[in-house]
Amino acid sequence: MKKLIKKILIIRRLLDFMNATRYFNKKYFQILKWTFSSREDTNFTYDLTDKNNLELLKIIESCVEVPFEKLQKYLNEILNDDQLKIYLKKKTEESEFKSFADRNISFSRRVGWYVIVRSIKPKIIMETGVDKGLGAVVLCSAILKNKEEGFPGKYYGTDINDQAGYLLDDKYKSVGKIIYGDSIISLKNFEKTIDIFINDSDHSGNYEYQEYLTIKNKLSTKAIILGDNSHATDKLLKFSIENERNFILFREEPKDHWYPGAGIGISFPNKK
């Protein structure tokens, strides 16, 4: 009798195992597809699911005083910007690094950066860690749109790699500048008041936290901090608690991609 029960339990657990793998089988297919179709080996790009885009907008709505309908307009603006996509595709194919970038242009969580910039019309944006410059171009694209509406701004990016930012060119470069060198040293020497700060450089927790401490007294009263590493560390959360700022974490849900997604940590002033 015991042997029969044991046999039944094994069968039941095998069925449970098969049921559990259903949550991952699609990912295995996506990995296989990505292996033969993608050229990326880091900083993966992808679209977000429709549901995830709406979640992103609702989160942003709670951080800025802008109606949901307008936020949706800004999102559609970046998703349907064919001129921007053609430009990025051309710059990518002209680059010596083209073998590490995909042909299809996707912005991932950077659409959230764009929507926030279009919403609060910042005068100064600072991003640490430029890499290829995809985020820089997205941010400069938003600045150019704001400028057309009478709200000029400027983007500054820092990177220790002097080859970083090759995508930032043409009209986008007219409102953007890259400062090369160690990000913390560059931030210490930066004398302008920052309206949006984006941490995307060295992803060690200690370095990230040092960046926040360095820019603390350079932030405008309504400044927003976006943490590109907040899904992995608690440093922006810690900084927000220490400085009585609000904090929300948005987690990505990539569309048809094996990568589980990163996120955006959003730190913003209390609306007291």
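Looking only at residues of segment 103-147 that are among the small types (Gly, Ala, Ser) and not in a helix (DSSP H, G or I), we find that the one that is surrounded by the fewest Cβ atoms within 10 Å (Cβ to Cβ) is SER106.
When PHE68 is tested against (1) out of contact with any Lys or Arg (no Cβ under 9 Å at 6 or more places or on another chain); (2) among the aromatic types (Phe, Trp, Tyr); (3) modelled with pLDDT of 85 or more, only condition (1) is not met.
Criterion applied to GLU55, GLU40 was being under 13 Å from PHE250 (Cβ atoms), in contact (Cβ under 8 Å) with a residue 40 or more places away in the chain and acidic (Asp, Glu), and the one residue passing it is GLU55. Restricted to segment 218-249, and to residues there that are buried (at least 22 other Cβ atoms within 10 Å of the Cβ), in contact (Cβ under 8 Å) with a residue 60 or more places away in the chain and in contact with a Gly (Cβ under 9 Å, 6 or more places away or on another chain), the residue that is farthest from SER119 (Cα to Cα) is ASP228. Among the β-branched types (Val, Ile, Thr), surrounded by fewer than 12 Cβ atoms within 10 Å (Cβ to Cβ) and modelled with pLDDT under 95 - does that describe any residue in segment 15-33? Yes, segment 15-33 contains at least one residue that is among the β-branched types (Val, Ile, Thr), surrounded by fewer than 12 Cβ atoms within 10 Å (Cβ to Cβ) and modelled with pLDDT under 95.
Among the residues of segment 165-198, which ones are buried (at least 17 other Cβ atoms within 10 Å of the Cβ) and farther than 28 Å from GLU96 by Cβ? Scanning segment 165-198 gives ILE184, LEU187, PHE190, ILE194, ASP195, ILE196, PHE197.
Hey, can you tell me all the residues within segment 164-185 that are in contact (Cβ under 8 Å) with a residue 40 or more places away in the chain, more than 25 Å from PHE151 (Cα to Cα) and not small (Gly, Ala, Ser)? The one that is in contact (Cβ under 8 Å) with a residue 40 or more places away in the chain, more than 25 Å from PHE151 (Cα to Cα) and not small (Gly, Ala, Ser): TYR166.
Output the residues belonging to segment 186-205 that are in contact (Cβ under 8 Å) with a residue 12 or more places away in the chain and of a type in the set (S, T, N, Q). Selection gives SER186, THR193, ASN199, SER201.
As a summary of the residue check, PHE44 satisfies the conditions (1) closer than 22 Å to HIS231 by Cα; (2) at pLDDT below 95; (3) out of contact with any Phe, Trp or Tyr (no Cβ under 6 Å at 6 or more places or on another chain) except for the one numbered (3).
Of ILE120, ILE116, all but one fail to be within 21 Å of ASN52 (Cβ to Cβ) and either free of Cβ contacts under 8 Å to residues at least 24 places away in the same chain or of a type in the set (A, V, I, L, M) (or both); the exception is ILE116.
Among the conditions (1) surrounded by fewer than 21 Cβ atoms within 10 Å (Cβ to Cβ); (2) in contact (Cβ under 8 Å) with a residue 40 or more places away in the chain; (3) closer than 24 Å to ILE120 by Cβ, the only one that PRO152 does not satisfy is (2). Within segment 183-212, the set of residues being among the polar types (S, T, N, Q) and more than 23 Å from VAL111 (Cβ to Cβ) comprises SER183, SER186, ASN189, THR193, SER204, ASN206, GLN210.
The values are calculated or read from the model by the stated rules, or taken from the named source; none is laboratory data. Note that the coordinates shown come from a computational prediction; the quantities given were computed from them, not determined experimentally. Glycine gets a Cβ as well: all are built from the backbone with ideal geometry, and neighbour counts include every protein chain shown.
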